[in-house]
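The block underneath contains the structure these notes are about, expressed in structure tokens.
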């Protein structure tokens, strides 16, 4: 959770693998991650049909 808070405050991408692990481990964190992805689209990660995916521009 600390790494997610740091990402929210700094805008630093914590990495797809870390976000995927949090996403799968705790459904409550899915809300936090969705908000982060909306706030930082430049990370190139999206939520599609309740699954995290990397996307290319």
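Nothing in this text is a laboratory measurement; each read-out follows from the coordinates by a stated rule. Computed from a predicted model, the values in this text were never measured in an experiment. With ideal geometry, Cβ positions are generated from the backbone for all residues, glycine too; neighbour counts draw on all protein chains shown.
May I ask you to derive the relative contact order of segment 2-54, considering only C-alpha pairs under 8 Å and at least 6 residues apart, and to give it as an integer percent?
Relative contact order here is 27 percent.
Between rounded, prolate and oblate, where does the chain land on the alpha carbon gyration tensor, with a ≥ b ≥ c its root eigenvalues, rounded for a/c under 1.5, else prolate if a/b exceeds b/c?
oblate
Under a crude label model (7 Å from the Cα following the beta-carbon direction), how far is residue 46 from residue 3 in nanometres?
Distance between the two pseudo-spin positions: 2.5 nm.
Kindly put 48, 32 in sequence by how many other C-beta atoms sit within 10 Å of each C-beta, fewest to most.
With the fewest neighbours first, 48, 32 line up as 48, 32.
Hey, fewest Cβ within 10 Å first, where do 47, 22 land in order?
Listing 47, 22 from fewest to most nearby Cβ atoms yields 47, 22.
222 nm [θ] for the chain, helices only, -39500 (n - 2.57) per DSSP H run of 4+, per residue, to 500?
The per-residue figure over the chain is -17000 deg cm²/dmol.
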